[in-house]
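Working notes, structure below.
The values are calculated or read from the model by the stated rules, or taken from the named source; none is laboratory data. Remember, it's a predicted structure, so these values are computed and weren't measured experimentally. Note: ideal-geometry Cβ built from the backbone for every residue, glycine included; neighbour counts use all protein chains shown.
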Ligand SMILES: NC(=O)c1ccc[n+]([C@@H]2O[C@H](COP(=O)([O-])OP(=O)(O)OC[C@H]3O[C@@H](n4cnc5c(N)ncnc54)[C@H](O)[C@@H]3O)[C@@H](O)[C@H]2O)c1
């Protein structure tokens, strides 16, 4: 039997967290959105407000409804505001030590019956579950970017997950009108297990001179019917996030196809994280993306 969910805590208001918070609020849940500091929190909330305004402009939502969605989201920088959440979803930086430190705080504060979920793209769910006092109430809820648009949520059961927590998570994702696909706690789950080596291979193809950044992207759009090329997609995911995911996959499987290509490593040293930092394989400082002149 699924547990009743009314209030949802979301940790992190970055690329994924702000979208996860918005989707939950749009589905009628009360949301507490926690960030590290006020400035980052306000940036995340501004993104939600922009998305809601766009939905009103497009006639997908009326103003009253958009106002109600916004009113259901409470921003905070304090863990204590998560205390009475029924479900807590973390979407903080992809780093196990940071996530464990965060769960230690959350576990102490949030009421005993609540279900905890991680949106990690690559870390083992059990490693986070085991660090809490409620490993049986821990699942993976893996949303895709942008969470407001993408239909899929991978619902991950780890070895300790109870049937009740798993059903609760599955029903929660369905209540948000998502396609909830159950999967096992294997690094990368289904989608990243297949997609990450594809993006890394595109970087290697560039390194080997198979094509320019734009040629590789255009070829995959026109030849494989993909909506965006693999290098644009890498910028969109965030090159820092892609780097962290491939490290975890490499660590888990020890296969070359999951290893960081040198170009990615150098881009990260330069602070080029893709769209979120304004530059990656493309330069996003102008109206339309332009190729990064370094390539
Ligand atoms: N980028 C993607 O396409 C994507 C897709 C699915 C899942 N994910 C996963 O989602 C998670 C977040 O990724 P992202 O791309 O949104 O990263 P991001 O860097 O855009 O956002 C992370 C945010 O978490 C905040 N943060 C860090 N520690 C915190 C804490 N203790 N409490 C509250 N906030 C904290 C940071 O300030 C930052 O704003 C990662 O685990 C990632 O693997 C990413």
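Determine which member of the set 25, 46, 53 is over 21 Å from the mean Cα position of the chain (by Cα) and assigned to a helix (DSSP H, G or I). When all the criteria are applied, what remains is 53.
For (1) under 16 Å from residue 81 (Cα atoms); (2) more than 11 Å from the ligand (Cβ to nearest atom), each residue gets a yes or a no:
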site: 98; (1), (2): no, no
site: 105; (1), (2): yes, no
site: 108; (1), (2): yes, yes
site: 111; (1), (2): yes, yes
site: 121; (1), (2): no, no
site: 125; (1), (2): no, yes
site: 133; (1), (2): no, yes
site: 136; (1), (2): no, yes
site: 139; (1), (2): no, yes
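Restricting attention to the range 56-96, the residues that are out of contact with any helix residue (DSSP H, G or I) (no Cβ under 8 Å at 6 or more places or on another chain), more than 14 Å from the ligand (Cβ to nearest atom) and not in a helix (DSSP H, G or I) add up to 5.
Those residues that are in contact (Cβ under 8 Å) with a residue 24 or more places away in the chain, in a loop (DSSP other than H, G, I, E, B) and farther than 15 Å from residue 241 by Cβ, I need them from the range 251-283; list them, please. 259, 261, listed by residue number.
Screening the candidates 128, 74, 137, 148 for the property of being touching a strand residue (DSSP E or B) at 6+ places or on another chain (Cβ under 9 Å) and touching a residue at least 40 places away in the same chain (Cβ under 8 Å) yields one hit, 74. Looking at the range 110-208, the strands (runs of 3 or more DSSP E) lying wholly inside it that each contain 1 or more residues that are surrounded by fewer than 19 Cβ atoms within 10 Å (Cβ to Cβ) sit at 152-157, 179-184. How do the pairs read when you match residues in the range 43-71 that are in contact (Cβ under 8 Å) with a residue 60 or more places away in the chain with residues anywhere that are surrounded by 14 or more Cβ atoms within 10 Å (Cβ to Cβ), using Cβ under 9 Å and keeping only pairs 6 or more apart or on different chains? Between residues of the range 43-71 that are in contact (Cβ under 8 Å) with a residue 60 or more places away in the chain and residues that are surrounded by 14 or more Cβ atoms within 10 Å (Cβ to Cβ), the close pairs are 51/18; 51/19; 51/22; 51/146; 51/148.
Pick out the one residue from 165, 205 that is at pLDDT 95 or above and outside the structural domain of residue 90 (by TED's automatic domain parsing). Give the steps one after another, and end with the answer.
On the way: 165 fails: outside the structural domain of residue 90 (by TED's automatic domain parsing).
Result of the check over 165, 205: 205.
Scanning the range 227-250 for residues that are outside any helix (DSSP H, G or I) and without any contact (Cβ under 8 Å) to a residue 40 or more places away in the chain yields a count of 3.
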